[in-house]
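J.: If you scroll down you'll find the structure; I have some questions about it.
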Amino acid sequence: MKSRQLIIAAMVSVFSMGVCQSVLSQDKQTQTWSAKSQASEYRVGAGDVLEIATWKELELTRKEVLVRVDGRISFPLLGDIPAAGMTPMELTETIQKGLKGYVTAPVVTVTVTTPGSQKVYVLGEVMKTGEYPILKSLTVLQAFALAGGFTQWAAKDEIILIRKDGAKDRIYKINYKDIVKGRDVENNLALQANDTIVVP
């Protein structure tokens, strides 16, 4: 009887370990995909601080490189080069191409250490109006939380989100009441850099 119980316990233990390993594996895959996705989509902007490292070339490595308001950076041998609007990978390729005239097979890594360009603005009838950094994925509801919630006069069903689309402004109507009631969760949009939320 005892031997049978031991066998069952062992089978349960093995099964549990297999499930845990499967879940951990899936989580790891999800995190890796997410990190790659974010890296490929991020666009460098004015105010960002970059770390630019050139392998085995200390003179061509900089810990803090500020992207200026004109969207350019200064780098040894290359002078001023455009950076705003590029992904880190695109900027890496640009610098590597420029250095080929000075360094044999340069290997460059560009890392965004301070995403200063990634900000949203919350205005109107909220407790704390102002600009807020996008340090991670940020939604409309999370932005309201950062702004301290609404004042008593806020028209929560007439909120608008203004998003730059090239030279034009795209307007989204946000009904906070419907979102929190689960009727319009699609409008709990993921915010992008320079989005402006206005609460009348």
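The numbers here are math on the coordinates, done by the rules we state, and not lab data. No experiment lies behind these values; they were computed from the predicted model shown. Here Cβ is always computed from backbone atoms with ideal geometry, including for glycine, and neighbour counts include all displayed protein chains.
J.: Of the chymotrypsin sites (Phe, Trp or Tyr not before Pro) in the range 55-124, which ones lie in a loop per DSSP and count no more than 16 other C-beta atoms within 10 Å?
T.: Hits after loop and neighbour filter: Trp55, Tyr102.
J.: Which of the listed residues, Pro115, Val180, Val49, is farthest toward the dipole's positive end in the range 37-187, when Lys, Arg count +1 and Asp, Glu count -1 at the beta-carbon?
T.: So the residue furthest toward the plus end is Val180.
J.: May I pose another question? Say the dipole of the range 119-199 comes from +1 at the beta carbon of Lys and Arg and -1 at that of Asp and Glu; which of Ile134, Ile171, Leu191 then lies farthest toward its positive end?
T.: Checked the options; the winner is Ile134.
J.: About its Cα centre, what dipole magnitude does the range 74-200 give when the only charges are +1 on Lys and Arg Cβ and -1 on Asp and Glu Cβ, stated in debye to the nearest 20?
T.: With only Lys, Arg, Asp and Glu charged at Cβ, the dipole is about 100 debye.
J.: Listed here are the pairs Lys97/Lys119; Lys128/Lys156; Lys136/Lys177; which of them are more than 20 Å apart at the Cα?
T.: With Cα atoms farther than 20 Å apart: Lys97/Lys119; Lys136/Lys177.
J.: Next question. Would you calculate the convex hull of the Cα atoms in the range 49-114 and tell me its volume per residue in Å³?
T.: 74 Å³
J.: Which trypsin sites (Lys or Arg not before Pro) from the range 72-143 combine a DSSP loop assignment with at most 13 other Cβ atoms within 10 Å?
T.: Answer by residue number: Lys100, Lys128, Lys136.
J.: Using the Kirkwood radius built from alpha carbon pairs, what does the Stokes-Einstein equation give as D for the range 119-199 at 37 °C and 0.692 mPa s, in µm² per second?
T.: This corresponds to a translational diffusion coefficient of 260 µm²/s.
J.: So how many Å³ per residue does the convex hull of the Cα atoms of the range 86-134 work out to?
T.: Per residue, the Cα convex hull of the range 86-134 comes to 80 Å³.
J.: I would also like to ask the following. Could you give the length gained on full extension between Leu66 and Lys173, defined as 0.36 nm per residue of separation minus the Cα-Cα distance, in nm?
T.: Answer, rounded to one decimal: 35.0 nm.
J.: Let me ask something else. On full extension of the chain, what length is gained from Tyr121 through Ile162, given 0.36 nm per residue of separation minus the C-alpha to C-alpha distance?
T.: 13.8 nm
J.: Given R₀ = 30 Å, FRET efficiency for Asn194-Trp153 by Cβ-Cβ distance, to 0.05?
T.: FRET efficiency, Asn194 to Trp153: 0.70.
J.: Next question. Can you tell me, using C-alpha contacts under 8 Å and at least 6 residues apart, the relative contact order of the range 119-199 as a whole percent?
T.: Value for the range 119-199: 40 percent.
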